[in-house]
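Before any comments, here is the structure.
The values are calculated or read from the model by the stated rules, or taken from the named source; none is laboratory data. Keep in mind the model is a prediction, meaning the values are calculated, not measured. All Cβ positions, glycine included, derive from the backbone under ideal geometry; neighbour counts span all protein chains shown.
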Amino acid sequence: MSFAVGNIVAGRDFFFILGPCVIEGPGVTERVADGIAEACARVGVRWVFKASFDKANRSSASAGRGAGIDEGLSRLEKIRSRLGVPVTTDVHLPEQAAAAAQVVDLLQVPAFLCRQTDLLVACAATGKPVNVKKGQFMAPGQMAGAVEKVGRDRVMLTERGASFGYHDLVVDYRSLPRMRALGVPVCFDATHSVQSPGGGGDKTVGDRQYVPALARAAAAVGIDALFAEVHDDPDNSPSDAANMLRLGDLEALLREVLAIRDYCAAKP
């Protein structure tokens, strides 16, 4: 099954979903977007810009959540227009779907919300394609329910690791072909898969050094898209600081993933 995400056809065109975790203060998100655009242009890849206007799933009530829906969507719209790339963002509530769909090319449903029927149905009702992240608590075959709620003709499923104990995630790469067997494109989230949820006590931490290895493995198994959060100064980002990829490391990752994917696709 294939469908349009802006000027990309998911299920036919291999592409990347890239951007910072959350929309930050004036100029920061735009600077990161420009850096990603330059790296993608050098490599010659299709990509979607991602940033969240709100991070509602926080370990602590005092954690920063983002710019909010009005400012966030306005800034995403400007980035979309200026760079000429599709954009995506998370939606957490059914009432956010219609407003976000006026701006973004792809709606994203966070992993913890992948079973929320009202949210999935509201996203589907906008007519926009939807990327549903597989919950850390879900077996790949169970994502058939999300596919049914959204519609096979407009949904992509993303693997982002499964819970292993209290503060760790592991990736079962069998989930990629198993979800593709549901008749939809599949994506691998290389940066959230290295998280340690709640591992920092009042915050989630992670280990970005493993991002390239996990991404290479996913490319070898077979994916339609690769998701990675990227920042030029991740350690000072208000969200996902420990697992975001450094912007300076992005180009090498893009080239490695493409080379592995092309090599595997050429094998009989």
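If you check Val9, Val87, Val28, which single one turns out to be surrounded by fewer than 21 Cβ atoms within 10 Å (Cβ to Cβ), more than 21 Å from Arg246 (Cβ to Cβ) and β-branched (Val, Ile, Thr)? Even if it seems obvious, please write down each step before you answer.
Numbers: Val87 fails: surrounded by fewer than 21 Cβ atoms within 10 Å (Cβ to Cβ); Val28 fails: more than 21 Å from Arg246 (Cβ to Cβ).
The conditions single out Val9.
If you check Ala67, Ala33, Ala56, which single one turns out to be without any contact (Cβ under 8 Å) to a residue 60 or more places away in the chain, touching a strand residue (DSSP E or B) at 6+ places or on another chain (Cβ under 9 Å), surrounded by fewer than 19 Cβ atoms within 10 Å (Cβ to Cβ) and small (Gly, Ala, Ser)? Don't jump to the end; show me each part of the working.
Working: Ala67 fails: surrounded by fewer than 19 Cβ atoms within 10 Å (Cβ to Cβ); Ala33 fails: surrounded by fewer than 19 Cβ atoms within 10 Å (Cβ to Cβ).
None of the other options fit; the residue is Ala56.
If you scan the range 214-268, which residues turn out to be assigned to a strand (DSSP E or B), touching a Pro at 6+ places or on another chain (Cβ under 9 Å) and surrounded by 23 or more Cβ atoms within 10 Å (Cβ to Cβ)?
Residues of the range 214-268 assigned to a strand (DSSP E or B): 225-231, 245-246.
Checking the rest, the ones that are also touching a Pro at 6+ places or on another chain (Cβ under 9 Å) come to 225, 229-231, 245-246.
Matches in the range 214-268: Ala225, Glu229, Val230, His231.
Got at least one residue in the range 151-171 being closer than 28 Å to Arg31 by Cβ, at pLDDT 95 or above, assigned to a loop (DSSP other than H, G, I, E, B) and touching a Lys or Arg at 6+ places or on another chain (Cβ under 9 Å)?
Within the range 151-171, one or more residues are closer than 28 Å to Arg31 by Cβ, at pLDDT 95 or above, assigned to a loop (DSSP other than H, G, I, E, B) and touching a Lys or Arg at 6+ places or on another chain (Cβ under 9 Å).
Looking only at the range 109-140, count every residue that is closer than 22 Å to Ser2 by Cβ and either of a type in the set (S, T, N, Q) or part of a helix (DSSP H, G or I) (or both) and tell me the total.
Step one: of the range 109-140, the residues closer than 22 Å to Ser2 by Cβ are 109, 114, 120, 123-134, 140.
Imposing the further condition that a residue be either of a type in the set (S, T, N, Q) or part of a helix (DSSP H, G or I) (or both) reduces the set to 120, 123-126, 131, 140.
Of the residues in that region, 7 qualify.
What's the number of the only condition in (1) touching a residue at least 60 places away in the same chain (Cβ under 8 Å); (2) of a type in the set (A, V, I, L, M, F, W, C); (3) within 25 Å of Arg154 (Cα to Cα) that Ala39 fails to meet?
(3)
Checking Lys149 against (1) closer than 22 Å to Ala4 by Cβ; (2) surrounded by fewer than 17 Cβ atoms within 10 Å (Cβ to Cβ); (3) of a type in the set (Lys, Arg), which test does it fail?
(2)
Return a yes/no flag: does the range 137-149 have any residue that is touching a Phe, Trp or Tyr at 6+ places or on another chain (Cβ under 6 Å) and either modelled with pLDDT of 95 or more or of a type in the set (A, V, I, L, M, F, W, C) (or both).
Taking the range 137-149 and keeping what is touching a Phe, Trp or Tyr at 6+ places or on another chain (Cβ under 6 Å), we get none.
Checking the range 137-149: not a single residue is touching a Phe, Trp or Tyr at 6+ places or on another chain (Cβ under 6 Å) and either modelled with pLDDT of 95 or more or of a type in the set (A, V, I, L, M, F, W, C) (or both).
Of all the residues that make up the range 129-148, how many are in contact with a Leu (Cβ under 7 Å, 6 or more places away or on another chain) and within 16 Å of His92 (Cβ to Cβ)? Full working, then the answer.
Keep residues of the range 129-148 that are in contact with a Leu (Cβ under 7 Å, 6 or more places away or on another chain), which gives 129-132, 134, 136, 143-144, 146-147.
Remaining after also requiring within 16 Å of His92 (Cβ to Cβ): 130-132, 146.
Count: 4.
Of the numbered conditions (1) buried (at least 21 other Cβ atoms within 10 Å of the Cβ); (2) more than 14 Å from Ala51 (Cβ to Cβ), Ala98 fails exactly one; give the number of that condition.
(1)
Anything in the range 17-39 that is out of contact with any helix residue (DSSP H, G or I) (no Cβ under 7 Å at 6 or more places or on another chain) and of a type in the set (A, V, I, L, M, F, W, C)? List them, or say none.
Ile17, Cys21, Val22, Val28, listed by residue number.
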